[in-house]
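Read-outs throughout are calculated quantities, based only on the coordinates presented, and are distinct from any laboratory measurement. As the structure is a prediction and not an experimental result, all values here were calculated from the model. Methodologically, a virtual Cβ is constructed for each residue, glycine included, from the backbone with ideal geometry; neighbour enumeration extends over all protein chains shown.
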Amino acid sequence: MPKPNVYVTRMLPKPAIDLLKEHFHVEINPKNRVLTRDELLKNVQGRDAVVSLLTDIIDEEVLTAAGQKCKIFANYAVGYNNIDVAAATESGILVSNTPGVLTDTTADLAWALLFATARQVVAADKFMRLGQYLGWDPLLFLGQDITGKTLGILGSGRIGTATAKKSIGFDMKVLYHDIKPNPDFEMAVPGSQFVNKETLLKQSDFVSIHVPLLEATKHLISDREFKLMKKTAILINTARGPIVDEKALVRALKDGEIWGAGLDVTEYEPDFESELAEFDNVVILPHIASASIETRTMMGLMAARNVIAALNDELPPNCLNP
Ligand code: DGY
């Protein structure tokens, strides 16, 4: 009997590919870029399983193209806003994600962004490389202090909690907001306080976003929210770009409504509002919050294990639509 046929939409860390190859015939997108829509539609056809990325829009058309034989779309990400899970369920196709393994790695990067933005690390490094440093200057690259400040966490799930926990060494006050108070968050971050969104925005020195991208969270931070924030505040986004209205962010930075922003994600990835690049107090990264060797490998192994389970008629460990 021929081995089941698995398509992987982009090269993944080798241990994940090796694991898949132990069990299946595996085909991988040979190009070092995201598949075009046409390529995606063509390549999913006739597969038993697909390992997809957050850059692949998996909607009804793609699910139909994959056809009856396909048992699972194993997304190589914890976020799954790129997949129409309801349509997959309707088509009898399982969907899985990679929760847990990237929590601390993502929270670490939220902190890297917070530090880099507050202390203008990237702009200062560029200044040195350009040979512009002429000697110690009392007014050079003055940033924002971190110790003793207030950290506002929007979204009290795994990554929000891990980000908040890491503030303890900096004697910060932690405020958080979510749909409802979260006792697990409060236990993990002693002294943290549940507040409404307005209070969080008004009182926080750093606002870090950790909510999923849904209809309800698109442009969660826009003109109204920037106007509520402190003029010295810094916005950190390691979640999804469209949660922040990027045009409103540019305006808020120009008008001095907030002080800076650290962004791992942008509204129209890979594009972003070009004016953002003009601010020294803005750090923009290419969606690398989970990008450590260990974590990306674990994510790949998790996706592979989800495929193995599905193709053995077992429930995948991280199934979103059992
Ligand atoms: C995710 O997993 O959703 C991240 O955005 C990429 O690791």
What residue among G152, G67, G241 has the largest mean-square fluctuation in a Gaussian network model of the chain, using Cα springs under 10 Å? G67
If T64, T295, T161 are placed from fewest to most neighbouring beta carbons inside 10 Å, the sequence is T64, T295, T161
Return the single residue from P190, P138, P212 with maximal mean-square fluctuation; model: Gaussian network over the chain, springs between Cα atoms under 10 Å. P138
Quick one: which of K165/K230; K149/K227; K31/K126; K126/K254; K165/K254; K31/K247 span more than 28 angstrom between C-alpha atoms? K31/K126; K165/K254; K31/K247
Please find, in a Gaussian network model of the chain (springs between Cα atoms separated by less than 10 Å), the residue of Y268, Y133, Y176 whose mean-square fluctuation is greatest. Y133
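Looking at the range 103-284, send over the antiparallel percent of its DSSP beta bridges, to the nearest 5.
Antiparallel bridges make up about 5 percent of those DSSP assigns within the range 103-284.
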At a threshold of 8 angstrom on Cα-Cα distance, excluding pairs fewer than six apart, so keeping six or more, what relative contact order does the range 7-55 reach in percent? 55 percent
Derived scalar couplings ³J(HN,Hα) [the range 219-229; Karplus, 6.51 cos²θ - 1.76 cosθ + 1.60; whole Hz; x for Gly, Pro]: 6, 4, 10, 9, 3, 4, 5, 4, 5, 7, 6
Normalised by the residues of the range 191-322, what does the relative contact order come to in percent, with Cα pairs under 8 Å and at least six apart? 18 percent
The chain: D in µm²/s via Stokes-Einstein (Kirkwood Rh, Cα pairs, 20 °C, 1.002 mPa s)? 102 µm²/s
Could you list, in their original order, any pairs among K173/K231; K173/K197; K14/K42 whose Cα atoms are separated by more than 20 Å? K14/K42
Tabulate in residue order the Karplus-calculated ³J(HN,Hα) for the range 150-165, using 6.51 cos²θ - 1.76 cosθ + 1.60 with θ = phi - 60°, rounded to whole Hz; enter x for Gly and Pro. 9, 9, x, 10, 9, x, 9, x, 3, 6, x, 5, 4, 5, 5, 4
Could you please state, rounded to a whole Å, how far the C-alpha centre of the range 304-322 is from the C-alpha centre of the range 1-57? 16 Å
Report, in degrees rounded to the nearest 10, the 0 to 90 angle that the Cα long axis of helix 103-118 makes with the longest principal axis of the chain. 30 degrees
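I need the calculated FRET efficiency for the pair T64 and D145, taking r as the beta carbon distance and R₀ as 51 Å, to the nearest 0.05.
Numbers: r = 55 Å, r/R0 = 1.07.
Step by step, r from the Cβ atoms, then E = 0.40.
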Which aspartates and glutamates have a Cα lying under 16 Å from the Cα of K21, excluding residues fewer than 8 positions away in the same chain? D48
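Arranged by the count of other C-beta atoms within 10 angstrom, fewest first, what order do L140, L201, L53 take?
Values: L140 13, L201 25, L53 18.
Fewest-to-most ranking of L140, L201, L53: L140, L53, L201.
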How many percent of DSSP beta bridges within the chain run antiparallel, rounded to 5? 5 percent
What whole-number distance in Å separates the alpha-carbon centres of the range 247-269 and the range 167-185? 24 Å
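Run the numbers on the range 127-270 and let me know its relative contact order in percent, using alpha-carbon pairs under 8 Å that are six or more apart.
Averaging sequence separation for qualifying contacts and normalising by length gives 20 percent for the range 127-270.
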Any idea what angle helix 14-23 forms with the longest principal axis of the chain, computed on alpha-carbon atoms, 0 to 90 degrees, nearest 10? 20 degrees
Phi angles of the range 65-78, converted by Karplus (6.51 cos²θ - 1.76 cosθ + 1.60, θ = phi - 60°) into ³J(HN,Hα) in whole Hz with x for Gly and Pro, give 4, 5, x, 4, 5, 6, 9, 8, 10, 9, 7, 8, 4, 7
For V8, which sequence-distant residues (separation of 5 or more, or a different chain) have an amide H within less than 5 Å of its own amide H, given hydrogens modelled in the peptide plane? E27, I28, N29, V51
